[in-house]
Amino acid sequence: DLGFVAHFEGGEVAGFTFLAGGGMGQTNGDRNTYPRAADPIGFIRAEQCVDVARAVVTIHRDFGDRTNRRHARLKYVLAERGVEWFREELAARLGFRFDAPRPLIWQRHEDWLGWHRQDERRWFFGLRVVSGRLAGAILDGVTEAVETLRPQLRITPQQNLLFTGLEEEARPVLEEILRRSGVRLPYEMPPVLRHSMACPALPTCGLALTESERVLPDVAAAVQQEAAAAGVGEEKIHLRMTGCPNGCARPYTAEIGIVGQSPRLYSIYLGGSPLATRLAQLYSHNVPLEKIGETLRPLLAAWASERTAGEAFGDYCHRIGMDALRERFLEAGR
Ligand code: SF4
């Protein structure tokens, strides 16, 4: 709904570009609901952030749809009234004008998995936690590592865990504990699983229409197998899966988004960017769980043979376009 992106000048925070009107959720069969990427609205100084946030909330309060809960989102106010209207309304409520948004340059999206220098003396380690689920072997390993090494922990938006503030001598100790506990280290994990996410869905979430977290390892393995068969098994592919269209694991910005529609049936979205800055488009509807790998097979093969240098799978799908992909690979097979 509302985001603030810091800009640095000379090592200091110079201010924030703020964005509004993004959101993932949509409702099955309701065309008035859809995922939307946020719009950059303006650039402000740090001390103006709270005033801006307050004013944005009042715009949502006054112009948001109060009659339909599914449509009661700030993103629809932006989509239906326009960004320029929003800027004017916001400036009027703030009593001051703000600068145009600064260019947003994203360098990387995935977590810092594996070992990285934190400063001259210390290290941090990013552990891949599939679907963010700490249970069984990985819970045992993490518990022992925390009790032994007393690191600081960070939970990341990609469902992973960072062990921070570790001295050099802690590195082999952490790896030994994790390995002994049967935990796969990030660089031992196949790329699709390493770059995947799933929401909890069944049995935890009362809104789930079908499975997500519990079937993610099998789905990632099926896609990995197809990627390997196409000769692109070592490439990064960001795959995200949810058990309903609410999109809690952000499938609509993934390169491959798999969204549960009804028991064991999924929509496949393609064409999100590897940096998660572009929305994916619906490719196919009602794909049975066991046919997800097969459905992606010709697309992965086409990407392998037709991609430009360094072109990611999502960028390839976006360049070719969803209509052309459907015509080639879905309608031809009917
Ligand atoms: S996306 Fe997943 S976690 Fe979110 S509401 Fe749907 S099933 Fe539940």
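Things to note:
- Taking (1) open to solvent by 50 Å² or more (accessible area, probe 1.4 Å); (2) of a type outside the set (S, T, N, Q); (3) in a loop (DSSP other than H, G, I, E, B) in turn, Asp65 satisfies each apart from (1).
- Matching option when the condition is within 16 Å of the ligand (Cβ to nearest atom) and of a type in the set (Lys, Arg), among Arg133, Arg150, Arg128, Arg122: Arg133
- The stretch 20-52, residues that are of a type in the set (A, V, I, L, M, F, W, C) and open to solvent by 30 Å² or more (accessible area, probe 1.4 Å): Met24, Ala37, Ala38, Ala46, Val50
- Any chance Tyr252 is within 15 Å of the ligand (Cβ to nearest atom), crowded, with 23+ Cβ neighbours inside 10 Å and farther than 25 Å from Arg108 by Cβ: no
- Filter result (part of a loop (DSSP other than H, G, I, E, B) and either open to solvent by less than 40 Å² (accessible area, probe 1.4 Å) or within 25 Å of Gly64 (Cβ to Cβ) (or both)) within the stretch 74-109: Gly82, Gly95, Phe96, Arg97, Phe98, Pro101, His109
- Condition met for Ala222 (more than 16 Å from the ligand (Cβ to nearest atom) and open to solvent by less than 70 Å² (accessible area, probe 1.4 Å)): yes
- One residue from Arg184, Arg117, Arg180, Arg128 being among the basic types (Lys, Arg) and under 18 Å from the mean Cα position of the chain (by Cα): Arg128
- Boolean, Ala280 is outside the structural domain of Gly23 (by TED's automatic domain parsing) and either among the β-branched types (Val, Ile, Thr) or open to solvent by less than 30 Å² (accessible area, probe 1.4 Å) (or both): yes
- Given (1) over 19 Å from Trp303 (Cα atoms); (2) more than 10 Å from the ligand (Cβ to nearest atom), index of the condition Ile237 fails: (1)
The values are calculated or read from the model by the stated rules, or taken from the named source; none is laboratory data. Please read these numbers as outputs of a predicted model, since none were measured by experiment. Quick reminder, even Gly has a Cβ in these numbers, built from the backbone with ideal geometry, and neighbours come from all protein chains shown. For the accessible areas, the whole protein counts, side chains as well, though only heavy atoms, and no ligand, DNA or RNA atoms are used. Shrake-Rupley method; radii C 1.70, N 1.55, O 1.52, S 1.80 Å.
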